[in-house]
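The values are calculated or read from the model by the stated rules, or taken from the named source; none is laboratory data. Computed from a predicted model, the values in this text were never measured in an experiment. Quick reminder, even Gly has a Cβ in these numbers, built from the backbone with ideal geometry, and neighbours come from all protein chains shown.
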Amino acid sequence: MKNIPIHLILVFLTLPGILHSCKKDIKEEVPTLTTTTVTNITATTATSGGIITSDGGAEITAKGVCWSLNANPTTSDSKTDDGAGIGQFVSNITGITGGTTYHVRAYATNSAGTAYGADLTFITEGVTDIDNNVYNTVTIGTQVWMKENLKTTRYNDGTAILNVTDGAIWSTLSAGAYCWYDNNAVKYKAEYGALYNWYVVASTNAKNVCPTGWHVPTDTEWTTLTTYLGGETVAGGKLKETGTTHWESPNTGATNASGFTALPGGNRLNDGSFDYVGQYGQWWSSTEYLANSAWTRDVGYYFKTLDRAYYLKPSGYSVRCIKK
């Protein structure tokens with residue numbers, strides 16, 4: 001073997017120290033990343049994520065998204081944990097509330113600290129009442145309506161509404177009360193909602209049964225809806241759910257062109273008896289007609305009309321809320 005020049009031997013001997021010194025001079029920084037646009041938004045879930053374009057010179061040990069009702073959420077708020085490593089990732093956001101504006105940011109953590117992507121906002125679908133029932137909504141003309149009948153057992157300030165099962169007592173009431181059709185919540189609550197007497201929804205009632213930012217429609221607001229859909233002779237068909245899953249045959253003229261998805265929740269008569277589930281849907285307005293009666297809107301299985309009528313205040317009808 002030829003002799004190795006002494007200057008090369010010196011280089012070989014000092015090279016590890018030189019490399020170690022260079023390595024110590026490399027400064028670790030927090031990662032660089034962006035937040036992915038929020039998609040697949042429902043009342044209680046959404047999808048976001050992020051793209052980590054630089055690990056900052058150190059291994060990514062945690063990543064995900066964090067969200068809050070306030071701007072610039074951090075990992076101290078609600079968050080996902082989507083593993084480690086660089087690149088793009090998808091985050092599934094759960095446990096959120098309908099009809100609510102949220103802020104979301106992607107985050108990534110390495111030994112230098114945690115970095116965040118841009119703050120994005122999204123609004124969940126639907127609206128949530130005081131009992132945490134979630135309702136889908138629909139825009140019809142200039143109005144925004146619930147697509148489902150109200151189910152709450154409390155006013156939106158938390159005050160309980162009287163639940164009355166006895167028909168004889170129901171017929172004598174002059175204060176707000178609710179019930180489930182046939183007093184059977186298991187069978188009727190989810191699809192048809194509650195039946196309320198008019199005292200619950202009265203314009204003179206200081207308490208609001210609808211979620212905050214919503215209210216029971218006035219007679220005038222019902223008329224605005226009717227006019228937008230072409231008038232009383234055809235509006236009912238455009239409001240009704242199609243088919244006979246809920247409606248009895250023939251469900252005349254039903255197209256649900258409006259997206260309102262009216263269902264035949266029936267009613268509780270002012271004498272306390274129940275009737276017409278599967279055949280008629282009837283909804284209160286907050287507007288009084290006479291001292292003992294108030295305006296409603298009705299649709300039936302044999303008609304495509306939306307009828308304006310008035311009924312005695314102790315009667316029990318469905319409620320659809322409209323956005324203020």
Is it the case that Tyr317 is within 17 Å of Asn205 (Cβ to Cβ), crowded, with 20+ Cβ neighbours inside 10 Å and among the aromatic types (Phe, Trp, Tyr)? yes
Is it true that some residue in region 272-287 is under 26 Å from Thr137 (Cβ atoms), in contact (Cβ under 8 Å) with a residue 60 or more places away in the chain, of a type in the set (A, V, I, L, M) and touching an Asp or Glu at 6+ places or on another chain (Cβ under 7 Å)? no
Here the residues within region 45-56 that are modelled with pLDDT of 95 or more and part of a loop (DSSP other than H, G, I, E, B) are Asp55, Gly56
Taking the options Thr226, Thr245, Thr252, name whichever one is among the hydroxyl-bearing types (Ser, Thr, Tyr) and either buried (at least 18 other Cβ atoms within 10 Å of the Cβ) or closer than 18 Å to Val138 by Cβ (or both). Thr226
Within region 98-142, count every residue that is part of a strand (DSSP E or B), surrounded by 15 or more Cβ atoms within 10 Å (Cβ to Cβ) and not aliphatic (A, V, I, L, M). 12
Can you confirm whether region 189-198 contains a residue that is in the same structural domain as Thr159 (by TED's automatic domain parsing), basic (Lys, Arg) and either more than 17 Å from Asp129 (Cα to Cα) or in contact (Cβ under 8 Å) with a residue 40 or more places away in the chain (or both)? no
Counting only residues that are under 19 Å from Val234 (Cα atoms), in a loop (DSSP other than H, G, I, E, B) and β-branched (Val, Ile, Thr), region 276-310 contains a total of 1
For the subset of region 229-242 comprising residues that are hydrophobic (A, V, I, L, M, F, W, C) and under 23 Å from Ala294 (Cβ atoms), which member is surrounded by the fewest Cβ atoms within 10 Å (Cβ to Cβ)? Leu229
May I ask you to say which residue of Asp182, Asp119 is closer than 30 Å to Thr61 by Cβ, among the charged types (D, E, K, R) and more than 18 Å from the chain's Cα centre (by Cα)? Asp119
When Gly265 is run through (1) in contact with a helix residue (DSSP H, G or I) (Cβ under 9 Å, 6 or more places away or on another chain); (2) over 23 Å from Thr128 (Cα atoms); (3) touching a residue at least 40 places away in the same chain (Cβ under 8 Å), the failure sits at (2)
Do the conditions hold for Gly85, that is, is it farther than 28 Å from Gly259 by Cα, out of contact with any strand residue (DSSP E or B) (no Cβ under 7 Å at 6 or more places or on another chain) and free of Cβ contacts under 8 Å to residues at least 40 places away in the same chain? yes
